[in-house]
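The structure appears below as structure tokens.
The values are calculated or read from the model by the stated rules, or taken from the named source; none is laboratory data. Because the structure is predicted, anything quoted here is derived from the model rather than measured. Quick reminder, even Gly has a Cβ in these numbers, built from the backbone with ideal geometry, and neighbours come from all protein chains shown. The protein model used for the area step is the full one, side chains on, heavy atoms only, and it has no ligands, DNA or RNA in it. Shrake-Rupley method; radii C 1.70, N 1.55, O 1.52, S 1.80 Å.
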Amino acid sequence: DAGVTQSPTHLIKTRGQQVTLRCSPKSGHDTVSWYQQALGQGPQFIFQYYEEEERQRGNFPDRFSGHQYPNYSSELNVNALLLGDSALYLCASSWGVTMNTGELFFGEGSRLTVL
Amino acid sequence: LAKTTQPISMDSYEGQEVNITCSHNNIATNDYITWYQQFPSQGPRFIIQGYKTKVTNEVASLFIPADRKSSTLSLPRVSLSDTAVYYCLVGDMNSSASKIIFGSGTRLSIRP
């Protein structure tokens with residue numbers, strides 16, 4: 001049973017560029033949440049996708065957007081990259097829009113470095 | 001969602017028992033207490049969850065006093081591989097993702 005998979009694992013971009021990160025949820029899960037984790041900080045909620053729609057959003061600008069496909073996989077897009085966007089981006093999958101706090105399954109993340 | 005407070009960091013030695021305490025003074029009646037563990041460059045993973053008194057699994061124990069305003073994660077006989085960041089979360093069985101707050105966690109360092 002595959003867990004949550006994310007790609008790429010590492011990438012380097014320059015300011016102003018755009019990036020797309022990908023996530024495949026754990027088998028049986030239909031909901032994907034994205035988090036940004038800066039160095040030394042806890043994960044910060046970006047947004048959640050369920051039934052191919054953004055259902056909830058954290059305090060992130062419109063430069064952060066996403067998509068969910070019929071097979072439940074998801075993408076996170078960040079436009080006009082800033083140095084401050086350098087972080088570990090985590091994808092977590094779950095079943096349903098609401099959940100037990102213990103039911104988040106995380107991938108290993110995509111480490112983005114913006115130069 | 002109830003705010004949690006944890007120590008920023010802790011140090012211990014291999015073979016010792018480590019107790020990490022989390023304060024959650026405003027915990028609601030329906031809230032559970034959940035702990036996650038995160039190794040460097042990996043996503044957090046669930047360790048243990050409880051509502052009251054004591055919960056034990058193969059990894060850890062969770063102690064929750066009667067007033068539920070705090071909880072203690074206990075790791076028995078730690079090893080170097082227990083070096084990680086530990087997050088305490090509080091929420092009910094139907095939390096929305098936007099309300100699941102991780103905070104900065106407790107950075108546990110285990111020495112030989």
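In the range A:38-57, which residues are assigned to a loop (DSSP other than H, G, I, E, B), within 26 Å of B:A84 (Cα to Cα) and not polar (S, T, N, Q)? Steps first, answer last, please.
Residues of the range A:38-57 assigned to a loop (DSSP other than H, G, I, E, B): A:38-43, A:51-52.
Those left that are additionally within 26 Å of B:A84 (Cα to Cα): A:38-43.
Answer for the range A:38-57, where residues must be assigned to a loop (DSSP other than H, G, I, E, B), within 26 Å of B:A84 (Cα to Cα) and not polar (S, T, N, Q): A:A38, A:L39, A:G40, A:G42, A:P43.
Could you grab me the full set of residues in the range A:29-45 that are open to solvent by less than 30 Å² (accessible area, probe 1.4 Å) and within 10 Å of chain B (Cβ to nearest Cβ)?
Taking the range A:29-45 as the starting set, the residues that turn out to be open to solvent by less than 30 Å² (accessible area, probe 1.4 Å) are A:29-37, A:42-43, A:45.
Within the range A:29-45, A:T31, A:V32, A:S33, A:W34, A:Y35, A:Q37, A:G42, A:P43, A:F45 qualify.
Would you say A:G40 is under 14 Å from the mean Cα position of the chain (by Cα) and within 30 Å of B:I33 (Cβ to Cβ)? Lay out the reasoning, then the answer.
Working: under 14 Å from the mean Cα position of the chain (by Cα): no; within 30 Å of B:I33 (Cβ to Cβ): yes.
So A:G40 does not fit the description; no.
Looking at the range B:1-48 only, could you name the residues that are open to solvent by 40 Å² or more (accessible area, probe 1.4 Å) and within 12 Å of chain A (Cβ to nearest Cβ)?
B:L1, B:I8, B:S9, B:N30, B:Y32, B:F39, B:P40, B:S41, B:Q42, B:R45, B:F46 - these are the residues of the range B:1-48 that are open to solvent by 40 Å² or more (accessible area, probe 1.4 Å) and within 12 Å of chain A (Cβ to nearest Cβ).
Look through the range A:78-115, keep the residues that are away from every other protein chain (no Cβ under 14 Å) and assigned to a strand (DSSP E or B), and return whichever of them is surrounded by the most Cβ atoms within 10 Å (Cβ to Cβ).
Here the answer is A:V78.
Could you please find all residues in the range B:92-112 being part of a strand (DSSP E or B) and either at pLDDT below 90 or closer than 11 Å to B:Y36 by Cα (or both)? Spell out the reasoning first.
Restricting attention to the range B:92-112, the residues satisfying the condition of being part of a strand (DSSP E or B) are B:95-96, B:106-111.
Selection gives B:S95, B:S96, B:T106.
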